[in-house]
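Student: Provided herewith is a single structure, encoded as C-alpha cells, for subsequent inquiry.
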Amino acid sequence: MNKLSTIAGRITTAAISLGALASTVMAAAYDYGYDYTYDYGAGDALGAGVGGVMLLVYCCLCLILALSLALWVWMLIDVLKRTEAELPDKTTWIIIIVLLGGLGALVYYFSKKRALDAKKK
C-alpha cells in the first residue's frame, strides 16, 4: 500500500508538471494580437497643450510663492532690526507679519517701512 501511494504521488506530480509545461507552451505560442504601435492623434496634442499650460501655471505659482517668502523674511528681519523708538508697535507688527505671512509683509512694507526709510533720508 505504501509503494502504491508513492507511485500515485509521483504520477500526480508528473501530470501536474506536464500540464503546467503544456499551458506555458500554449500561452507562449498564442498570438494575443496586441498592436504595439501608437497613433499620436489630435487628442494627444490637446493633452500636451493642457499639460504645458498647467506646467506654466505651476511655475508661476511657485515664483509667486518664492517672492512672497522672500518678502516675508525681508520684512520680518526689518521689523526685528528696528528699535522701539523707530517702531513703537514693534511686537504688533511681528505678530501681524508672522500670522498673515506674505500679506502681512506687504501691508508692513507699504504702511511702515517706506515711511520709516523716508524719515531716515
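Student: Local charge sum around Arg114 (other residues, Cβ-Cβ under 13 Å, Lys/Arg +1, Asp/Glu -1)?
Tutor: Surrounding charge for Arg114 is +3.
Student: Separation between the Met54 and Thr83 pseudo-spin-labels, each 7 Å from Cα along Cα→Cβ, expressed in nm?
Tutor: Between Met54 and Thr83, the simple spin-label model gives 5.6 nm.
All of the numbers you see were taken from the coordinates with simple rules; none came from a lab. The structure presented is a predicted model; accordingly, all values stated were derived computationally and were not measured. Backbone-built Cβ (ideal geometry, glycine too); neighbour counts: all protein chains shown.
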